[in-house]
Structure formats: C-alpha cells, structure tokens
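No lab work stands behind these numbers, since they all come straight from the coordinates. Please read all numbers here as calculations on a predicted model, not as lab measurements. FYI the Cβ positions are ideal-geometry reconstructions off the backbone, even for glycines, and counts take in every protein chain you see.
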Amino acid sequence: GPISQPSDKDEATHYLKSFYNLTDLTDETTAVRREASQMTEKLKEMQKFFGFKVTGKLDKETMEMMKKPRCGVPDVAA
Amino acid sequence: YSTFKGKPKWQTNKLTYRIVNYTPDMSVAEVDTSMEKALQVWAKVTPLKFTRINRGTADIMISFDHGDAYPFDGPEGTLAHAFAPSPAIGGDAHFDDDEFFTFRSSRGFVLFLVAAHEFGHSLGLSHSNVRGALMFPTYSFTSPDRFSLPSDDIRGIQSLYGKHMIL
C-alpha cells in the first residue's frame with residue numbers, strides 16, 4: 001500500500017526532481033493541488049519506465065527503486 | 001535502449017580521453033585499467049577508437065568531482081553522471097568521490113561498471129528500461145571478469161556509430 005512517512009515523501013520529491021523533471025510550483029493558491037497532481041504524473045512516468053504497476057502512488061516497490069544507487073543522469077530527456 | 005533528444009553523437013570515430021584526477025580508494029593503475037577497459041566495452045562493438053592524453057582538453061574528461069552545476073549527494077544515491085556528446089563539457093564523466101569504488105570487489109561500487117555505463121552517456125546513449133542492460137539507471141554488481149555487453153546496449157551504440165569492422 002501507499003507509504004505516507006514524511007521522510008519517504010521528501011525523498012521521493014527529491015528523486016523525481018532529480019530524475020523526472022518534477023518542478024517547484026510558485027503560485028501558492030493552487031500550488032498544493034498542482035504539486036500533488038504533478039507528483040502523481042511523475043510517479044506514473046517513473047513506474048512506466050521501470051515496468052512497475054502504474055498507480056501514481058508511492059508504493060513500496062517504487063520507493064525501493066528510489067533508494068537504489070544509480071546514475072545521476074535523468075531518465076527523461078531534459 | 002534509448003538515445004538523447006536530437007540523437008547527439010560524435011562526428012568522428014577517433015576520440016580522446018583524459019583522467020583529470022583519481023579516487024583514493026584504488027591505485028592509479030587500477031583506475032587507469034578500469035577506465036581503459038570501460039571504454040573498450042564500447043570500442044569492441046563499434047568503429048570507435050579511444051586515445052588517452054595526459055594534458056589539454058580531451059573529448060571525454062574524467063574526474064572524481066562533479067565539477068559542474070550538478071553536485072553529488074554524498075555516499076550512495078547518485079554514483080556518477082556524464083554528458084551527451086557535444087563540445088566543451090559534452091562527453092565528460094564525473095564520479096562521486098564520496099563513493100567507495102573498487103577494482104573488482106562487490107564490497108563497494110566496481111569502477112569499471114560505473115564508468116562503462118557513464119561512457120555510454122558520453123557516446124550518446126540515454127537510459128534503457130531493459131533490466132540487465134548496462135544502460136539501466138541503477139547499479140547492479142557483475143564480476144568485471146565475466147562482463148559482456150548486453151545485446152540491448154550493443155544495438156543502441158551501433159544505432160549511433162555502426163558495427164565494428166574487422167578487416
């Protein structure tokens with residue numbers, strides 16, 4: 001099931017910013033909603049790349065992949 | 001396999017590389033051998049030839065320092081990064097000096113494996129989603145003595161540079 005610990009979410013956000021072009025949102029009125037939506041889309045993108053079940057949720061399998069040592073080049077073309 | 005957007009590649013088959021500095025984890029000879037062997041992974045299946053230089057600017061500048069706008073993150077996490085073919089920083093490969101690199105031991109990250117992956121980027125390959133491919137983004141230990149370049153990576157690099165011609 002989804003993992004909700006703040007540290008995992010922070011780690012996932014950092015990972016998606018580094019490798020899936022997740023961007024900071026500055027418009028505070030809608031930022032929270034748009035960030036959640038963008039996070040879901042980026043998680044889906046990552047899950048699709050790694051051949052996982054595409055849920056858009058930060059599940060155990062996705063989190064484990066984020067913790068693995070890896071190359072610093074983004075998986076999506078910048 | 002996949003290539004970078006715009007499919008950048010070197011316009012010559014004769015490329016130079018330079019090792020700018022070293023990791024304290026391994027001897028100089030071990031680093032030199034690891035880098036040479038990692039480049040030969042790609043040279044064996046393409047017409048590419050690599051020549052080492054010890055001063056000046058090489059096509060592929062190799063360092064144990066991020067040396068750009070993308071800092072590393074301490075031990076584990078990101079191990080290294082490299083730039084797609086282009087002038088200046090293009091082709092350069094940077095290794096995180098906070099990692100513990102090894103010559104062949106699994107008690108650390110085998111420099112040959114990390115370097116061979118990064119040089120794939122230096123030559124124009126992006127990440128592959130094929131598990132087991134050298135260009136898969138996560139590190140996986142394989143004994144360097146038993147390593148052979150997976151077919152996905154061979155197809156990828158030959159899509160850019162063609163096959164190795166035996167005369």
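Computed quantities for the displayed model
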{"item": "Gyration tensor (Cα) of the stretch B:92-150, equivalent ellipsoid semi-axes in angstrom", "result": "18, 15, 10"}
{"item": "Whole-number percent relative contact order across the stretch B:59-117, with pairs defined as alpha carbons under 8 Å at least 6 apart", "result": "33 percent"}
{"item": "Inter-part distance where the stretch B:107-153 and the stretch B:17-34 are each reduced to a Cα centre, Å", "result": "18 Å"}
{"item": "B:ASP68 paired with A:THR23, simple spin-label distance in nm, labels 7 Å along Cα-to-beta-carbon", "result": "2.1 nm"}
{"item": "Size-normalised alpha-carbon gyration radius of chain B, reference 2.2 N^0.38 Å", "result": "0.95"}
{"item": "Rh (Kirkwood; distinct C-alpha pairs) - the stretch B:37-106, Å", "result": "13.7 Å"}
{"item": "Counted charge near B:PRO75, where neighbours are those whose Cβ lies closer than 14 Å (Asp, Glu -1; Lys, Arg +1)", "result": "-3"}
{"item": "Diffusion constant of the protein assembly as shown at 37 °C, which comes from Stokes-Einstein with the Kirkwood Cα-pair radius and 0.692 mPa s, µm²/s", "result": "174 µm²/s"}
{"item": "Residue-span extension gain [B:GLN11 to B:GLU76] - 0.36 nm each, minus C-alpha spacing", "result": "19.9 nm"}
{"item": "Interchain or long-range residues, amide H under 5 Å from B:ILE60's placed H", "result": "B:THR16, B:TYR17, B:ARG18"}
